[in-house]
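The values are calculated or read from the model by the stated rules, or taken from the named source; none is laboratory data. As the structure is a computational prediction, the values presented were derived from the model and not from experiment. Cβ placement follows ideal geometry from the backbone for every residue including glycine, while neighbour counts extend to all protein chains displayed.
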Amino acid sequence: MFLSVFEMFKVGVGPSSSHTMGPMVAAARFLDLLRASPFQASGLRASLHGSLAFTGVGHATDRAVILGLAGFQPQTYDAEAAEAALKEIHASNTVSPADLPVLRFDPKADVAFDYGPPLPGHANGMILMATDAQGDVILQETYYSVGGGFVLTEAELAAGKDTDDGPPVPYPFKTAAEMLEMCRATGLPIAGLKRANELSRMNRDTLDTGLGRIWQVMSDCIDRGLASEGILPGGLGVKRRANGIHQALLAERGMNLQAPHTINDWMSTYAMAVNEENAAGGQVVTAPTNGAAGVMPSVIRYWLDHVPGASPSRVGDFLLTAAAIGGLVKHNASISGAECGCQAEVGSAAAMAAAGLAAVLGGTPEQVENAAEIALEHHLGMTCDPVKGLVQVPCIERNGLGAIKAVSAASLALRGDGSHLVPLDAAIETMRQTGQDMSEKYKETSLGGLAVNVPNC
């Protein structure tokens, strides 16, 4: 099993990897299918199912589908160009993707929200269709957005298609136990195993440049969030708070008024800055998903700016270690809130961040695995119940608490020798089982929890 660090960490657009990035990617795939088809299409339609329907408007799924069918893709997303394109599409009721004719597409009529039972393959399902001049469907494909921006067709999902189609890697591991055994046998840290696997598919410059870009986008996102003010879109009237808190922290630091526990506020502010940007539809990195995108950047910024001896040259090792843990979670359970609740999103992110931090602080592979296990174990059972379907409440603050838990988990693990009762593999399997048993009300449908108990929503 091999999942590249650049599949786990993708540059994309908010507010959701499953509900925004995934549908946009699916639309791009459908356009490619249409370009290769012998059929002459005149129009396009989309049908959203399951969680994509229930929280689709709040997660901007309809907007993502519209832009995706117009040719936009997450990795090259330009917000200004997207706004202009949306106005044109709504005015003309057509889209003009590259290398295809102008196609009929009325956003109000041709994007359907199906609130019935979800499609059989996954909670995040969608059907894209091309129609002829009479409006009859001539090409159709079902896609599932399975978390983290990953998209599979119905056939790919049924076939159990793995994300890895390349040649064998030197250190293939499907479980944490296998990973630790390889570390013991080779003397390599987890990041060393992961780096060797990556270098079997790409050269060193590509890897290092890519890792640098991932952190740069994360860091820039923090900075934009810290500098921005105003009300987040969506109708809840949620005010951006990262800027104000950050300014207060800076002022207090200059006056030597900060208590030791104030470091938690720094971590929360960094995480909230990212998730406020995500909620506003800004550029973020899936880490592992947009709803949990603030945890990893917050912990890295905390380490670089507040921990003596931290070095930017080690950020790559942090990301590689975290990606190894994230790959295990995705392969053996899920990183999708629609599948397993927020334990799969913020819980996975906290486990990844804890592992990365423990690694760059000098932890052994066993201590790193223990850090990930502690962080994940204490997110088990966490529901995904976004108010009004927006990735704002409780998501923004939850990332701050996830970052704090990640740092605490790493610190606890480093106080021990790596031996512990509950292995990471058991925590991951428990998360999978818990998600399987969890009511659909608490899995990104906004049909339970805070989503129905917060007044005036």
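Restricting attention to the range 346-363, the residues that are without any contact (Cβ under 8 Å) to a residue 60 or more places away in the chain and of a type outside the set (A, V, I, L, M, F, W, C) total 2.
What about residue 418, is it under 29 Å from residue 304 (Cα atoms) and in a loop (DSSP other than H, G, I, E, B)? So residue 418 passes the test. In the range 257-287, the qualifying residues are those that are touching a Phe, Trp or Tyr at 6+ places or on another chain (Cβ under 8 Å) and either modelled with pLDDT under 95 or over 18 Å from residue 246 (Cβ atoms) (or both), and the one that is surrounded by the fewest Cβ atoms within 10 Å (Cβ to Cβ) is 283.
The single residue among 88, 80 that is modelled with pLDDT of 95 or more, outside any strand (DSSP E or B) and acidic (Asp, Glu) turns out to be 88. When residue 211 is tested against (1) under 23 Å from the mean Cα position of the chain (by Cα); (2) surrounded by fewer than 22 Cβ atoms within 10 Å (Cβ to Cβ), only condition (2) is not met.
Residues that are free of Cβ contacts under 8 Å to residues at least 12 places away in the same chain and in a loop (DSSP other than H, G, I, E, B) were ranked within the range 421-457; the one that is nearest to residue 51 (Cα to Cα) is 439. Would you say residue 330 is in contact (Cβ under 8 Å) with a residue 60 or more places away in the chain, crowded, with 24+ Cβ neighbours inside 10 Å and among the charged types (D, E, K, R)? Taking the combined requirement at face value, the residue satisfies it. Residue by residue through the range 288-314, note down the ones that are surrounded by 20 or more Cβ atoms within 10 Å (Cβ to Cβ) and part of a helix (DSSP H, G or I). 290, 291, 292, 295, 296, 297, 298, 299, 300, 301, 302, 303, listed by residue number. Among the residues making up the range 60-77, those that are touching a helix residue (DSSP H, G or I) at 6+ places or on another chain (Cβ under 6 Å) and assigned to a helix (DSSP H, G or I) are 61, 64, 65, 66, 67, 68, 69, 74. Within the range 173-185, the set of residues being of a type outside the set (A, V, I, L, M) and assigned to a helix (DSSP H, G or I) comprises 178, 181, 183, 184.
Counted as qualifying within the range 323-410 are the helices (runs of 4 or more DSSP H) with 1 or more residues that are hydroxyl-bearing (Ser, Thr, Tyr) and within 18 Å of the chain's Cα centre (by Cα), namely 346-360. Name every residue in the range 186-203 that is of a type in the set (Gly, Ala, Ser) and either outside any helix (DSSP H, G or I) or more than 20 Å from residue 317 (Cα to Cα) (or both), in order of residue number. Passing the criteria: 187, 200. Just wondering, is there one or more residues in the range 54-67 that are more than 28 Å from residue 395 (Cβ to Cβ) and out of contact with any Pro (no Cβ under 7 Å at 6 or more places or on another chain)? Within the range 54-67, none of the residues are more than 28 Å from residue 395 (Cβ to Cβ) and out of contact with any Pro (no Cβ under 7 Å at 6 or more places or on another chain).
When 444, 377 are checked against the criterion of being acidic (Asp, Glu), assigned by TED's automatic domain parsing to the domain that holds residue 294 and in contact with a strand residue (DSSP E or B) (Cβ under 9 Å, 6 or more places away or on another chain), 444 stands alone in meeting it. Only a single item in (1) closer than 21 Å to residue 390 by Cα; (2) modelled with pLDDT of 95 or more; (3) surrounded by fewer than 16 Cβ atoms within 10 Å (Cβ to Cβ) is not met by residue 417, and it is number (1). Within the range 235-249, residues that are assigned by TED's automatic domain parsing to the domain that holds residue 268 and in contact (Cβ under 8 Å) with a residue 60 or more places away in the chain have Cβ atoms under 6 Å from residues that are surrounded by 16 or more Cβ atoms within 10 Å (Cβ to Cβ) and basic (Lys, Arg) in these pairs: 236/388, counting only partners at least 6 apart in sequence or on another chain. Summed over the range 32-54, the residues that are of a type outside the set (Gly, Ala, Ser), crowded, with 23+ Cβ neighbours inside 10 Å and in contact with a Leu (Cβ under 8 Å, 6 or more places away or on another chain) give a count of 3. With respect to residue 140, is the statement that it is more than 17 Å from residue 326 (Cβ to Cβ) and either without any contact (Cβ under 8 Å) to a residue 12 or more places away in the chain or surrounded by 17 or more Cβ atoms within 10 Å (Cβ to Cβ) (or both) true? Against the criterion (more than 17 Å from residue 326 (Cβ to Cβ) and either without any contact (Cβ under 8 Å) to a residue 12 or more places away in the chain or surrounded by 17 or more Cβ atoms within 10 Å (Cβ to Cβ) (or both)), residue 140 does not qualify.
Of the strands (runs of 3 or more DSSP E) lying entirely inside the range 102-172, those containing at least 2 residues that are farther than 30 Å from residue 185 by Cβ and small (Gly, Ala, Ser) span 124-131, 137-147.
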